[in-house]
1. Return a yes/no flag: does the range B:79-87 have any residue that is closer than 26 Å to residue B:574 by Cβ and either in contact (Cβ under 8 Å) with a residue 24 or more places away in the chain or surrounded by fewer than 23 Cβ atoms within 10 Å (Cβ to Cβ) (or both).
2. Determine which member of the set A:158, A:147, A:133, A:84 is in contact with a Phe, Trp or Tyr (Cβ under 8 Å, 6 or more places away or on another chain) and either without any contact (Cβ under 8 Å) to a residue 60 or more places away in the chain or within 8 Å of chain D (Cβ to nearest Cβ) (or both).
3. Give me the pairs, please: first residue somewhere in the range B:42-54 and in a strand (DSSP E or B), second residue anywhere and of a type in the set (Lys, Arg), beta-carbon distance under 9 Å, and either six or more positions apart or on two chains.
4. Give the residue, chosen from A:105, A:30, A:46, A:62, that is within 17 Å of the chain's Cα centre (by Cα) and modelled with pLDDT under 90.
5. Considering only the range C:143-200, state which residues are closer than 30 Å to residue A:90 by Cβ and crowded, with 17+ Cβ neighbours inside 10 Å.
6. For the range B:287-302, indicate whether the set of residues that are more than 29 Å from residue B:389 (Cβ to Cβ), modelled with pLDDT of 95 or more and within 8 Å of chain D (Cβ to nearest Cβ) is non-empty.
7. Taking only the range B:163-188 into account, find how many residues are surrounded by fewer than 24 Cβ atoms within 10 Å (Cβ to Cβ) and on the phi > 0 side of the Ramachandran plot.
8. Among the residues of the range C:209-247, write down those that are farther than 27 Å from residue C:198 by Cα, β-branched (Val, Ile, Thr) and either part of a helix (DSSP H, G or I) or touching a Gly at 6+ places or on another chain (Cβ under 6 Å) (or both).
Amino acid sequence: MARMKFLCDIERCIACNGCVVACKEGHQLPVGVNRRRVVIINEGKPGERSISIACMHCSDAPCIAVCPVGAIYQREDGIVLVNKDICIGCGYCFMACPFGAPQFPRGNAFGARGAMDKCTFCAGGPAPTFSEKERRLYGQNRIAEGKVPLCAGMCSTKALLAGDSAVIADIFRERVARRGSGIAWGWSKAYKE
Amino acid sequence: MTNSMNDIRHSRCIFMIGSNAAEAHPVSLQHILYAKEVNGAPLIVVDPRFTKLAAKATEYVRIRPGTDTAFLMGLINYIIENDWHDKEFIRTRVAGFEEMRKVAAHYTPEVVEEITGVPKDQLARVAKLLATHRPGTVIWCMGITQHHIGSSNTRACCILQLVLGNMGVSGGGTNIFRGHDNVQGATDVCVLSHSLPAYYGLKEGSWKHWCKVWGVDFEWIKGRFHSKEYVHKKGFTLARWYEGVIQEDKITQYTPIRAVVFWGCASNSQSQYHKLKKALDKLDLVVIIDPFPTTTAAMCEKDNVYLLPSTSQYETEGSVTSSSRQAQWRYKVVDPLYESKTDYEIMEEFVKRFGFADKFYKNIKKVPEDVTREIARGALTIGLCGWLPERIKKHTDNWHTFDVDTLQAKGGPCDGEYYGLPWPCWTETHPGTPILYDISKPVTKGGLPFRARFGTEYTYPDGRKESLLAAPGVANPGSEVMGGYPEFPGWKTDINVIREALKRGMAPFGNGRARCYCWNFPDPVPVHREPLHSPRPDLIKKYPTYPDKPDHYRVYTRFASEQKPELVKEFPLILITGRMVEHMGGGAETRSNKYLAELAPEMYAEVNVKVANDHGIREGDYMWIESPEGGRIKVKAKITDRVDERTIFLPFHFGGYFMGKSFAGNYPEELVPYALGEPANIVTNYGYDIITQIQGTKEGLCRIKKA
Amino acid sequence: MKKALALGLTTVLWPVLAAGADILRPYGPVSPVEVFRKLNGLLLDAWPDEGRAFMEFITSFNVYYLYLALGLLGVFLLHYFVFGPRKIVHRGEKVPYYGFFTRFVHWGAAVSMTLLVLSGLAVLFAKALGGGSLVMGLRSVHVGAAFIFVIFAVFLFLALVKDMFPAPYDLKWFLVLGGYLSRRTRPVPAGKFNAGQKLWFWVGTAGGLVMFYTGYKLYQFTAPVSYLREVLKIHLYLGLAVLGLFLIHLYMSVIAVKGALQSMLTGYKDIEEVAVMHPKFYEKLRLKG
Amino acid sequence: MGAKKVFSRPAKAAGKPITLNPKLARRAFLKIAAATAGLTGLALSGKIVRRTEAKEAPKTPYPGSKIVRTICTHCAVGCGIYAEVQNGVWVRQEIAQDHPISRGGHCCKGAGAIDMIRTEKRLKYPLKREGGRWKKISWEQAFSEICGKLLEIREKYGPDAVHWNGSAKVSTEMAYLQRKLAAFWGTNNIDHQARI
């Protein structure tokens, strides 16, 4: 069974934010909703590194565990999705997530949080595939088209890898072996087997 | 660029000076990091600021702004001193080496450390890296050019590569990453005040050549000008046109400028913007043709301005030339939106009303394809002859058939050709020249020697005579003459001469030597000259600037009279500008993109923590930055170690504020960009390159105070 | 997984591998371990310490609300059938007990509190309601009601606080549990408000303000996540107390003590009732004449 | 081009929406890897991994759309863009994985290239500043007023009284026409961003 994963190669990421805008533009997200973001450490100092972070689609996802309504679920290929028709916007998932992935657009009465929005691995959502509803609520469903997620596809330096864990682990290991350094940050947290 | 982006994959050493490619050209990093990882190529970044690119470097050299020539000459000297230079390459293909060597000898590691602040050990280490990792590429951007000695800086880079023998080889070369998407194309067709398309210059022969291409009478063109003198006189430049209006420096033109047309050009990218603003207030007519309202529109307060909506590039088509000299066809994606018109349509309307449409469009029936053909007929000097619209489209349509490493098509309709037909592409069947001055390939297959542009022999001031043609035995395979040869007479104006040369396996422009000694430049060999506004007054005497230039693109340009040692007392901090990855140029498009504006919503100044503490400024505080010319801007402080204790950095993309005042109300309703800010160029200083008049925005002075 | 292990190994092996590739070492002395640590600190924040505990807390907490609600319901039923509601012989003389302002803010607070409790429970037991827009709507009600409640709560506090300070006899009241566990009506030690009412007052107003603050933080959702976790915990624990007292108050005033509801509506209490339920206040009234 | 292994999907009744619910077995596209991943692996190892074609072409959310190849407008690297166009509307930006220079890569500006069409901040019609306010005018009025004034200035002060600032953001053809226009106008006062 294939297992979808993200891996950001810290040695390659140049913090160009290409992934962030690719995601926002591709799914037409409202301003303020960051399904993906880039974090820089040691900015301006030797040892400056950056990493692009989104939902890691954890194997034992804490968000699924804490969701009080069971709105979050995991597909067979490991992609974690949220059903916005069921989500009540309570925010527990955000507090349980190690990566800060869940996002909450405002806009309900009294400015309360709306349904949770997060990276879908470009796999749409539970609405009928390619339906207008799916596009509106979850964005594109590229996985159903056999296409790769936008963020990784548009990564300027090929730092962000996405796809079948076996394949991307191979690629990454090859790189690490070549250059002698590299860490797959987040993997040990997200993918416990 | 002499090589291509992809060719950097073959480099064994990458030397980047005055470039922040990680923010300005992020996708190029794909190839740079590949070379770094796979070839084990050291990535040396020389920059006054610890940029995002420097974060990826294996060796970061912090240099004082405006001292690049000293550093490069120091490297050259160290390499020669240690006998690391490529003697065979220099013997066969380089001229003026001895003269250059004498000048370079001055730049010992100690002297370089004194001027640039780079420790001499580091200089030695960098020189050794360059010498032991060949071929290496040298990459630069505006950090090298935007100085009053910008042209010396660029030449020093070239000489470094000549000394290392890195020219004309895969993985080597001098690679200048250009800024705008089609700045190479626009430069090739010379939207420039000193030349006709394809670098023909403004001489009579050049005019006659182009008149022939256009199918008009030279006498008629001459009649269109004010007088014969003005046909050949270089015009005002983008950097200083406003002096033609406000005349704070004396102009040498019979009339001041009364009208200006901004056709896809931002104004907030020009230094001393507060003076440009004065010009906008004085002009009779300002025409702005752009898909976005631009900062210029908001800055015009008089009823003298028109805004014409042109389409974006995706609603029209035409070829674009990438930094690697490749042509790609930018296809039209959708029809023009709203009431906007394509630039071609607007041009046609203008020309019709100016009354010369019949002459202007004589050879042009179908736009843009016939224009491409006209360029191909005229631009022989840089070999655009093979750039026919069908071929360019064919390459774009089949871009998937080109190999990532060599950029050569393997099979398919473009078999054997190089992607985008990098110029010179001499004929309709030429595959393009992927690497300039590469003598390992036949000329017909994309090889080239150095151009023999300056005759066959030169006598240096000390009486030494040297041939300017390549040494015997050095030529492209298949060349009829195995050795140096002069240019073919008439090749610049007659395609048949080019064909003839190619038939004989020879380059139309001859087989010459690369010059280290350019006698037609103010400094035949690059030497360090202190910035006009120098933070080191003690060095001004030893390294003074040039004398003033009275008629420099029609305006008096001060050099020596502007260089005042006492200035630094009042303005103690060095001011440099640069890019952010989220924005582009003047920012009209990107600041109107809600996602990009969300990522980079505000203007800021990078300040070192020491400077900030000395001035009582904390992160996020507003502060005033003031220039010696009287410009001042109010910006937020971003406290960071990216800049050192003497430097302030400003991103130059913002507009919509002016000296502390918001001009948001001056934009057309509802078209105010999402992100507004003070233009950095209000405080960039006086100072222009001696040859090109590029503005010296990377070597100014300023002072700051808490707002 | 083997591959993950291999990745881990390469990380650890880095210094060894890098010895041969000195040139590739990034500028400045930074090891991957260092980077790893920094990223952990920045991105995971307090998750390694708090994450697991938070998950356990949040997944197990709902059930206490259920126990409390069901338990109290049982207690009420038992009390009702064993002891029955309190009826006091009415002599007909009425004393003014609650001013108009007090009644007004009481009912304002009461209505908004009811909404808060109900919508709060709806959020907690959203699964039973099927989640989605219904509960999302009720969450909005929760937010709206909170803003209304907090205004009334402040005034209610000001209106009643002078009679709400704890007194020594309050302890005694608790010892006899207000005398409710008896069919006989005997005077209990209480002032204008008995100890139970005082407790409810303090939890309802001061606790209500804490609820409001914590709720506001959760509504904003901009605080650091470990702060949010703490705030949520406080909100839920206090909510439990509020729910308990709310239910008791409801039972007492509407069912267990006849006339209590009436008195809050009209503002007058039967003198006999005051004498029995609030003897200390009765004393004061008598002294005043 | 990517190391994409796309297995065939279970046949579904045509026209009926497929729900990607976890409860429904999801067997389609079990093993896909980001093109990026594949590409870089390919680049590093020199292997060429060919994509096995799906037996049944995947359904697309934009039936009848076509892909237009175009070039990013933000810097001179020359990244390729696949623009997906349906009924004359640019519906989305696709990844140009097979572009030889960028191989699908974009920075944030290029990733949002489609915003040039989507943004609400585009100029919509010709405007003229009148009494300190922007006033909508027709193209005809704009052209006749502008050209009239330009010709008047030329007449009165000479051709060099007009300065043309051309562009590095237009096509080479357009840039060439700008240079040609200045020549025909009778001035060398033309320049563009390459100068700065």
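The values are calculated or read from the model by the stated rules, or taken from the named source; none is laboratory data. Given the structure is predicted, the values throughout are model-derived calculations rather than measurements. All Cβ positions, even for glycine, are placed from backbone atoms using ideal geometry, and neighbour counts span all protein chains on display.
1. Checking the range B:79-87: not a single residue is closer than 26 Å to residue B:574 by Cβ and either in contact (Cβ under 8 Å) with a residue 24 or more places away in the chain or surrounded by fewer than 23 Cβ atoms within 10 Å (Cβ to Cβ) (or both).
2. Within the list A:158, A:147, A:133, A:84, the selection yields A:84.
3. B:43/B:36; B:43/B:56; B:45/B:56; B:46/B:62
4. It is A:105.
5. Result: C:143, C:144, C:145, C:146, C:149, C:150, C:152, C:153, C:156, C:157, C:199, C:200.
6. Looking through the range B:287-302, at least one residue is more than 29 Å from residue B:389 (Cβ to Cβ), modelled with pLDDT of 95 or more and within 8 Å of chain D (Cβ to nearest Cβ).
7. 2
8. Step one: list which residues in the range C:209-247 are farther than 27 Å from residue C:198 by Cα, which gives C:217-230.
If we keep only those that are β-branched (Val, Ile, Thr) as well, we get C:222, C:225.
Once the filter is applied, which keeps residues that are farther than 27 Å from residue C:198 by Cα, β-branched (Val, Ile, Thr) and either part of a helix (DSSP H, G or I) or touching a Gly at 6+ places or on another chain (Cβ under 6 Å) (or both), the range C:209-247 yields only C:225.
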